[in-house]
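In what follows, a structure is listed as structure tokens, so that the remarks can point back to it.
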Amino acid sequence: MLEAANINKSFDGTQVLNNISLEVDTGKILCIVGPSGAGKTTLLRIITGLEKADTGQFKIDGKAFDPESNTTNEAMIGVVFQDFRLFPHLNVLENITLAPQLALHQSKAEANAKAKEILTQLGLEDKADIYPFQLSGGQKQRVAIARALALNPKILCYDEPTSALDPGLRESVAQLIERLKAQGMTQIVVTHDMEFAQNIADKILTVKPNREA
Amino acid sequence: MDGVLKYMLEILPSLLQGTKLTLGLFAITLVLALPIGALVSLGLRSRFKPIQWILKFYVWLMRGTPLLLQLIFIFYGLPVLHIYFERFSAAGFAFVLNYAAYFAEIFRGGFQSVPEGQFEAARVLRLNYSQTIRKIVLPQVTKIVLPSVGNEVINLVKDSSLVYVIGLGDLLRAGNVAMVRDVTLVPLLMVGAIYLALTALFTYLLRKVEQHYSYYH
């Protein structure tokens, strides 16, 4: 369970997030919605430690943690970026196994076995040896999910998971997120797609643009 | 005609001796200046301002003055300050310092063209700074900078001829000695041919390295 309270963030004097609090129960899906420019992505970047909040308290399973300085393997939060950000010089398998080997000190064999398991689960078992530029958008996204899952995160976050994909793939992303939920994964999804959010969410948090902005 | 051939064979050993020195300087410069250049380019991106200033000054100084002047300064000028270099070391020192500055600028451009998103992706995957640079960024930078580095490599082959000024017997000097002694242009033509052969070889090798990195785009 993730709890975040009183998150404030401003950039150059413009308040982007105004006292936001949120809570996700273990195994549930929280969707963060709102118009573009409302600060959804900033909120996600704060939760994932890519941006420092001006104020805010964060707890995972009741224990306080600081996302920005959180470099331990505890309280792991995985991220699937809108533009996937796969490593172009590594093949699919290497994309997935690099971090478990470097950050979790898994052996290559161990990391490979786990990665292949995840790839099979995501229907990518035949893609292990090819490079990101050879993948379609939907496949890239699934590799990005596999890469995040390989670190055994407690929470998986998505930034606009439907916006870089063909509209037809919206449904399959929803199914994939549902499937991970069935396996007990806690997930946070930032999206401007209200219908998509209503489809998958256990809880919806609406971020409103600041009046001054 | 036979006479010319015979003469060419006669002076070839001394030209090859000079080529050896040229290649030695070339190898030392490349092996040291490339990693130093990469480190300097990282320093140029450092958030610690004094490091940035010092390195910017270094790059400005090295790129802003002729290599020939730097060579003369290190070999003839530094002894005034009681810093002595043996000839070849002086040449190596000057060339490494000079080329590292050019490589640093090339690498700086390379680092800038790796999207910020790659750093962030590495960060959320819990890679530390050095892992991110070694495993994610440098391999991509290498591919990006190869054509520009290749240019400098070819330049280096030819720039090495500047060492004549401190009395080192490189390829050009060997040709020059033979030309002045025997009053003929043949040695210079041979020198030209050897430089061309060397640059052709390095161009070919660089193309091979580029091909090696063309497995993704």
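The values are calculated or read from the model by the stated rules, or taken from the named source; none is laboratory data. Quick caveat: nothing in here was measured; it's all calculated off a predicted structure. Ideal geometry is used to build each Cβ from the backbone, glycine not excepted, and the neighbour counts take in all protein chains shown.
Yes or no: B:Leu168 outside any helix (DSSP H, G or I), more than 14 Å from chain A (Cβ to nearest Cβ) and under 22 Å from the mean Cα position of the chain (by Cα)?
Numbers: outside any helix (DSSP H, G or I): yes; more than 14 Å from chain A (Cβ to nearest Cβ): yes; under 22 Å from the mean Cα position of the chain (by Cα): yes.
The answer is yes for B:Leu168.
Can you go through A:Pro67, A:Pro88, A:Pro35 and tell me which one is touching a His at 6+ places or on another chain (Cβ under 9 Å) and within 14 Å of chain B (Cβ to nearest Cβ)? Before you say what the answer is, go through the steps one by one.
On the way: A:Pro67 fails: touching a His at 6+ places or on another chain (Cβ under 9 Å); A:Pro35 fails: within 14 Å of chain B (Cβ to nearest Cβ).
Every option except A:Pro88 fails the conditions.
Restricting to the stretch A:192-207, name every residue that is out of contact with any strand residue (DSSP E or B) (no Cβ under 6 Å at 6 or more places or on another chain) and closer than 20 Å to A:Gly138 by Cβ.
A:His192, A:Asp193, A:Glu195, A:Phe196, A:Asn199
Restricting to the stretch A:126-160, and then to whatever is part of a helix (DSSP H, G or I) and of a type in the set (D, E, K, R), can you tell me which residue is nearest to the other protein chains (Cβ to nearest Cβ)?
My answer is A:Arg147.
Could you please find all residues in the stretch A:11-43 being among the hydroxyl-bearing types (Ser, Thr, Tyr) and loosely packed, with under 13 Cβ neighbours inside 10 Å? Full working, then the answer.
Step one: of the stretch A:11-43, the residues among the hydroxyl-bearing types (Ser, Thr, Tyr) are A:14, A:21, A:26, A:36, A:41-42.
Once the filter is applied, which keeps residues that are among the hydroxyl-bearing types (Ser, Thr, Tyr) and loosely packed, with under 13 Cβ neighbours inside 10 Å, the stretch A:11-43 yields A:Thr14, A:Ser21, A:Ser36.
I'm checking my understanding of the structure. Among residues of the stretch B:89-119 that are surrounded by fewer than 17 Cβ atoms within 10 Å (Cβ to Cβ) and part of a helix (DSSP H, G or I), which one is nearest to the other protein chains (Cβ to nearest Cβ)? Walk me through it before giving the result.
Residues of the stretch B:89-119 that are surrounded by fewer than 17 Cβ atoms within 10 Å (Cβ to Cβ), as a first pass: B:89, B:109, B:112-113, B:115-117.
With the extra rule that they be part of a helix (DSSP H, G or I), the set shrinks to B:89, B:109, B:112, B:116-117.
Working: B:Ser89: 38, B:Gly109: 18, B:Gln112: 16, B:Glu116: 10, B:Gly117: 4 Å.
If we take residues in the stretch B:89-119 being surrounded by fewer than 17 Cβ atoms within 10 Å (Cβ to Cβ) and part of a helix (DSSP H, G or I), then B:Gly117 is nearest to the other protein chains (Cβ to nearest Cβ).
How many residues are assigned to a helix (DSSP H, G or I) and in contact (Cβ under 8 Å) with a residue 60 or more places away in the chain when one looks only at the stretch B:183-213?
Here is the first cut: in the stretch B:183-213, the ones assigned to a helix (DSSP H, G or I) are B:186-213.
If we keep only those that are in contact (Cβ under 8 Å) with a residue 60 or more places away in the chain as well, we get B:186-187, B:190-191, B:194, B:198, B:206, B:209-210, B:213.
Final tally of qualifying residues: 10.
Just wondering, is there one or more residues in the stretch A:176-191 that are more than 14 Å from chain B (Cβ to nearest Cβ), assigned to a loop (DSSP other than H, G, I, E, B), touching a residue at least 24 places away in the same chain (Cβ under 8 Å) and within 18 Å of A:Gly34 (Cβ to Cβ)?
Step one: list which residues in the stretch A:176-191 are more than 14 Å from chain B (Cβ to nearest Cβ), which gives A:176-187, A:189-191.
If we keep only those that are assigned to a loop (DSSP other than H, G, I, E, B) as well, we get A:183-185, A:191.
Those still in the list that are touching a residue at least 24 places away in the same chain (Cβ under 8 Å) too: A:184-185, A:191.
Filter again for within 18 Å of A:Gly34 (Cβ to Cβ), leaving A:191.
Yes, the conditions are met somewhere in the stretch A:176-191.
Can you report the number of residues in the stretch B:182-217 which are of a type outside the set (A, V, I, L, M, F, W, C) and under 25 Å from B:Phe75 (Cβ atoms)? Show your work before the answer.
Going residue by residue through the stretch B:182-217, those that are of a type outside the set (A, V, I, L, M, F, W, C) are B:182, B:184, B:187, B:192, B:195, B:199, B:203-204, B:207-208, B:210-217.
With under 25 Å from B:Phe75 (Cβ atoms) added as a condition, the list becomes B:195.
Summing the residues that are of a type outside the set (A, V, I, L, M, F, W, C) and under 25 Å from B:Phe75 (Cβ atoms) in the stretch B:182-217 gives 1.
Each row is one residue, and each column tells you yes or no for (1) modelled with pLDDT under 95; (2) under 12 Å from B:Arg126 (Cα atoms).
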| position | (1), (2) |
| --- | --- |
| A:Lys63 | yes, no |
| A:Asn70 | yes, yes |
| A:Glu74 | yes, yes |
| A:Val80 | no, no |
| A:Leu86 | no, no |
| A:Asn91 | no, no |
| A:Glu94 | no, no |
| A:Leu104 | yes, yes |
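Show the residue pairs meeting these rules: Cβ distance below 7 Å; 6+ apart or different chains; first residue within the stretch A:43-58 and within 14 Å of chain B (Cβ to nearest Cβ); second residue among the acidic types (Asp, Glu).
A:Leu44/A:Asp159; A:Arg45/A:Glu51; A:Gly49/A:Glu68; A:Leu50/B:Glu120; A:Lys52/A:Glu68
So that you can scan it fast, the table gives a plain yes or no per residue for (1) assigned to a strand (DSSP E or B); (2) touching a strand residue (DSSP E or B) at 6+ places or on another chain (Cβ under 9 Å):
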{"site": "A:Ile32", "(1), (2)": "yes, yes"}
{"site": "A:Ser36", "(1), (2)": "no, no"}
{"site": "A:Ile46", "(1), (2)": "no, yes"}
{"site": "A:Glu51", "(1), (2)": "no, yes"}
{"site": "A:Gly56", "(1), (2)": "yes, yes"}
{"site": "A:Lys59", "(1), (2)": "yes, yes"}
{"site": "A:Asp66", "(1), (2)": "no, yes"}
{"site": "A:Ser69", "(1), (2)": "no, no"}
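Name every residue in the stretch A:78-125 that is among the aliphatic types (A, V, I, L, M), under 12 Å from A:Ile145 (Cα atoms) and part of a loop (DSSP other than H, G, I, E, B), in order of residue number.
Keep residues of the stretch A:78-125 that are among the aliphatic types (A, V, I, L, M), which gives A:79-80, A:86, A:90, A:92-93, A:96, A:98-99, A:102-104, A:109, A:111, A:113, A:115, A:118-119, A:122, A:124.
This time we only want the ones that are under 12 Å from A:Ile145 (Cα atoms), so: A:79-80, A:86, A:92, A:96, A:115, A:118-119, A:122, A:124.
Residues satisfying the conditions are A:Leu86, A:Leu122, A:Leu124.
Any chance you could count how many residues in the stretch A:130-162 are under 11 Å from A:Val92 (Cα atoms), surrounded by fewer than 19 Cβ atoms within 10 Å (Cβ to Cβ) and in contact with a strand residue (DSSP E or B) (Cβ under 7 Å, 6 or more places away or on another chain)?
Of the residues in that region, 0 qualify.
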